[in-house]
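Since the structure comes first, as structure tokens, the remarks are kept for the end.
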Amino acid sequence: MQDDAGRAQPPPPLQVVLIGPPGAGKSTLVPALVETFSLDRIATGDLLRAEIEAGTPLGHTSAGYVERGELVPDAVIEQLLRSGLAAMRPDTGLLLDGYPRSLDQARTLDGLLADLGRPIDVVLALEVPDDEILHRLGGRRLCSGAGEPWVLHLDDAAAVARCRAQGGTLEQREDDRPEVIGRRLAVYRRQTEPLLAAYRAAGLLREIDATGSTADVRARAIAAVRRR
Ligand code: AMP
């Protein structure tokens, strides 16, 4: 894009919603999207875990829902979302990760973004079959205790060895326990998946196959957002 004097202008900030079942690889994809499209990320799951860790009143209210794999009440999440949006830089785009998760949340989001003059440009949906999700989440561990925690899969022997060599320990997210994974997946299929039809009807949806190598998924994601 060029201004009146023919100078190159940076592209306008992009508002991207990332949707996918638990374990679809949203967090793995985020750095590439953030960097490629200059986005500020708001991840409601991360914000909730930080509140729970810090023992705030909001964290206390939310902890049981997160542990059970259920959706935290809308009013609580909206509070987090509003403070995330208020902290956004004006010339940077938005990457919403983990919100909205229901049609009601999508309506709330539309209202908040309209007030900011930042309507959604593209909804990127990640597709992964249930059996692969169960495998991914069942083996997902956090290497903790040696610097910034990082995520690995138990199948990745080299990563497990690297964690141990760093003096880290392997920890499982409370909500990655087998009985909770099933519930999170059911919540996704029942409450979040209906959003896809709504965003498809609005012409915003781009669905990609999120199986295969990280590099392949990343390339598909970037191409899908560019194609909007
Ligand atoms: P995530 O890290 O996105 O998988 O989120 C972890 C958990 O946080 C979910 O299973 C929910 O309990 C809760 N959570 C995250 N985002 C939302 C949301 N938009 N609405 C309700 N609950 C949420």
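Run the quick spin-label model on Glu127 and Leu103: label points 7 Å from Cα toward the beta carbon, then report their separation in nm to one decimal. About 2.2 nm, to one decimal.
Across the options Phe37, Ala63, Leu109, the greatest Cα extent toward the positive end of the charge dipole of segment 16-148 (unit charges at beta carbon of Lys, Arg, Asp, Glu) belongs to Ala63.
If both residues of a DSSP beta bridge must be in segment 92-228, then about 60% of such bridges are antiparallel. One decimal place: the segment Gln79-Gln9 gains 21.8 nm when fully extended, by the rule 0.36 nm per residue minus the C-alpha distance.
Between Arg228 and Glu70, the modelled labels are 3.5 nm apart [label points 7 Å from Cα along Cα→Cβ]. How high is the relative contact order of the chain, in percent, counting Cα pairs under 8 Å that sit 6 or more residues apart? Here the relative contact order equals 27 percent.
State to the nearest 20 debye the size of the charge dipole of segment 1-111 about its Cα centre, where the only charges are +1 on K and R beta carbons and -1 on D and E beta carbons. Can you show the working numbers first?
On the way: 9 positive and 15 negative charges, 24 e Å.
Magnitude of the dipole: close to 120 debye.
Seen against the Cα atoms of the chain and their longest principal axis, helix 26-37 is set at about 30 degrees.
The distance between label points at Leu134 and Glu193 comes to 1.5 nm (points 7 Å beyond Cα on the Cα→Cβ vector). If you sort the three axes of the alpha carbon gyration tensor as a ≥ b ≥ c, you get a/c of 1.5 or more for segment 36-137 and a/b no higher than b/c, which makes it oblate.
Computed from Cα positions, the angle between helix 178-187 and the longest principal axis of the chain comes to roughly 20 degrees. Computed from Cα atoms, the angle from the helix 74-86 axis to the main principal axis of the chain rounds to 60 degrees.
Just to verify a number: FRET efficiency for Ala87 and Ala54, C-beta to C-beta distance, R0 = 22 Å, to 0.05? Spell out each step's value before the answer.
Values: r = 17 Å, r/R0 = 0.76.
For R0 = 22 Å, the calculated efficiency reads 0.85.
Note: segment 26-70, Cα convex hull, 82 Å³ per residue.
Computed over segment 1-91, the range of Cα coordinates on each principal axis works out to 57, 27, 20 Å, biggest value leading. Ordered from longest to shortest, the equivalent ellipsoid semi-axes for segment 91-163 are 35, 17, 10 Å, each the square root of 5 times a Cα gyration tensor eigenvalue. Inverting the pair-averaged 1/r between distinct Cα atoms of the chain gives 18.8 Å as its Kirkwood hydrodynamic radius. Length gained on full extension, Asp110 to Thr211, computed as 0.36 nm times the residue gap minus the Cα-Cα distance: 33.4 nm.
All of the numbers you see were taken from the coordinates with simple rules; none came from a lab. Not measured: the values here are computed from a predicted model. Using ideal geometry, Cβ is built from the backbone for each residue, glycine included, and neighbour counts are taken over all protein chains shown.
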